[in-house]
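Note sheet for the following structure.
Nothing in this text is a laboratory measurement; each read-out follows from the coordinates by a stated rule. Every value quoted in this text rests on a predicted model; they were computed, and no experiment measured them. Every residue, glycine among them, receives a Cβ derived from its backbone with ideal geometry; neighbour counts consider all protein chains shown.
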Amino acid sequence: MAIEVRVPTILRNYTGGSKIVEGAGETLIGLIDDLDAKHNGLKGRLITPEGGLHRFVNIYVNDEDVRFLGALDAKLKDGDSITILPAVAGGALGFAAAAALLGR
Amino acid sequence: MGTATPRRRNCFGNVNVVLTIDRTILDAIVAHARRDHPDEACGVVAGALGSDVPSRHIPMDNAARSMTFYEFDSMEYLRVWREMDDRDEEAVVIYHSHTATEAYPSRTDADIAGWPDAHYLLVSTREPDSEEIRSFRIVDGVVTEEEVNIVDATVDA
C-alpha cells in the first residue's frame, strides 16, 4: 500500500539522503502532504505559497507529466511511481521577464 | 549538496576544479548551438555515475524555442534521465547557449539550476565566427566559474 517517489539530489537533504521514499495519498496534493509529514519542508520546495505546483519543478506520475493529469489534483493509486525532477531551464532573460514570457 | 566527499584530483576526477571534456563532444555541442542559433540550444553530456567524465552527448529540444530562454521538454527530460539511470549514468554536463550575450549564467540560470553536481556549460554564439565557452558550478544559486580543460581522447560523441 504505497506510492514510490523518486527524489532528485537537490531535495535529498529532506529525505535523509534517500533517493526513493514511499508515501500515500489519493491525489498528488494528498501524497505531498503525507510526504511533508515525514520529510518536513519538502512541500515548500514543490508548492508555491499560493498553493500551486512550483513552476520550475517537474512531477511525473508513471510516464506522464502531472500538468497533463490535473496537476495537484492528479489521481493516484497504490503502485504508482512518482518522479520529481527540477526543471532545467534558464536563459539570457531576467527572471521576471522570463516568467512574463511564459505567462506564469 | 555540501556532502560531497573529496574526489581524486590531478587526474580525471575533477569536481569543483575543472571540467575536463573531450574536444569531439565540445565540437558537437558548439555545432548544436550554431544549428539552433538564434534560438538558445540545450542538452546534456552523460557520464558514468561518480566518474565526472562526460562521455555521451545528448542534444535536447528547447521547449521554449526562444532566443532568450530555454527549457528541457518535460517528456524528453524524463526519458533521457530514465535512460541515464538504466545505464548507471548521470548528467555530468548540462549545457545551453546564449545567442546575444556572454557565456555567463544569468540570474535566471542561477535561480533555477537544480543539479548541484553538474557542470553548467555555457556557449555564446553571439559572434558569428568564434564561440565563447565557459563552465560553472551552480549550488544554491551561487555561481562559481571553473576551468575548461579540453582533451583529445577517444570517446564516442
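Over all orientations, the protein assembly as shown has a Cα convex hull whose mean projected area works out to 13.6 square nanometres. Label zone of B:D27 (point 7 Å out along Cα→Cβ, amide N under 20 Å): in the stretch B:117-144 this covers B:122-125, B:128-134. Among B:I112, B:I58, B:I94, whose mean-square fluctuation peaks in a Gaussian network model of chain B (Cα, cutoff 10 Å)? Taking springs between Cα atoms under 10 Å, the residue moving most is B:I112. Rounded to the nearest Hz, the phi-derived 3J(HN,Hα) couplings of the stretch B:107-119 under the Karplus curve 6.51 cos²θ - 1.76 cosθ + 1.60 (θ = phi - 60°) are 4, 4, 4, 5, 5, 8, 3, x, 10, x, 8, 8, 8, where x marks glycine and proline.
If we count every other residue with Cβ under 14 angstrom of B:S130's Cβ, Lys/Arg +1 and Asp/Glu -1, where does the sum land? Intermediate values should be presented prior to the final figure.
Details: positive: B:R34, B:R126, B:R134; negative: B:D27, B:E102, B:E127, B:D129, B:E131, B:E132.
Cβ neighbours under 14 Å give a net charge of -3.
Kirkwood Rh, chain A, all Cα pairs: how many Å? In chain A this quantity evaluates to 14.2 Å.
The spread of Cα positions in the stretch B:36-142, taken along each principal axis and listed from longest to shortest, comes to 38, 27, 27 Å. Between B:A153 and B:I58, the FRET efficiency estimated from the beta carbon spacing at R0 = 22 angstrom works out to 0.75. Once the C-beta distance of B:T144 and B:D85 is scaled by a Förster radius of 25 Å, the resulting FRET efficiency is 0.40 to the nearest 0.05.
Please build a GNM for chain B, connecting alpha carbons under 10 Å apart, and tell me which residue among B:A33, B:A41, B:A110 fluctuates the most. Among B:A33, B:A41, B:A110, the largest GNM mean-square fluctuation belongs to B:A110.
Springs between Cα atoms under 10 Å define the GNM used for chain B, and in it the highest mean-square fluctuation of B:L78, B:L19, B:L122 occurs at B:L78.
The stretch A:11-32 and the stretch B:48-117 have Cα centres separated by 24 Å. Label sites at A:N40 and B:R34, each approximated as a point 7 angstrom past Cα along Cα to Cβ, lie 5.6 nm apart. Cross-link reach is defined here as a Cα-Cα straight distance under 22 Å, omitting same-chain residues fewer than 8 places apart; for A:K75 the lysines meeting it are A:K38, A:K43.
The angle separating the long axis of helix A:28-38 from the principal Cα axis of greatest extent in chain A is about 70 degrees.
Taking the Cα atoms only, what angle lies between the long axis of helix B:23-36 and the longest principal axis of chain B, rounded to 10 degrees? The angle comes out near 30 degrees. With θ taken as phi - 60° and the Karplus curve 6.51 cos²θ - 1.76 cosθ + 1.60 applied, the whole-hertz 3J(HN,Hα) list for the stretch B:70-80 is 9, 7, 4, 5, 5, 6, 5, 4, 4, 4, 5 Hz, x standing for glycine and proline.
Could you compute the net charge surrounding A:Y60? Neighbours are other residues with a C-beta less than 11 Å from the C-beta of A:Y60; K and R count +1, D and E count -1. Can you show the working numbers first?
Values: positive: A:R6, A:R67, B:R79, B:R82; negative: A:D63, A:E64, A:D65, A:D80.
Net local charge, A:Y60 excluded: 0.
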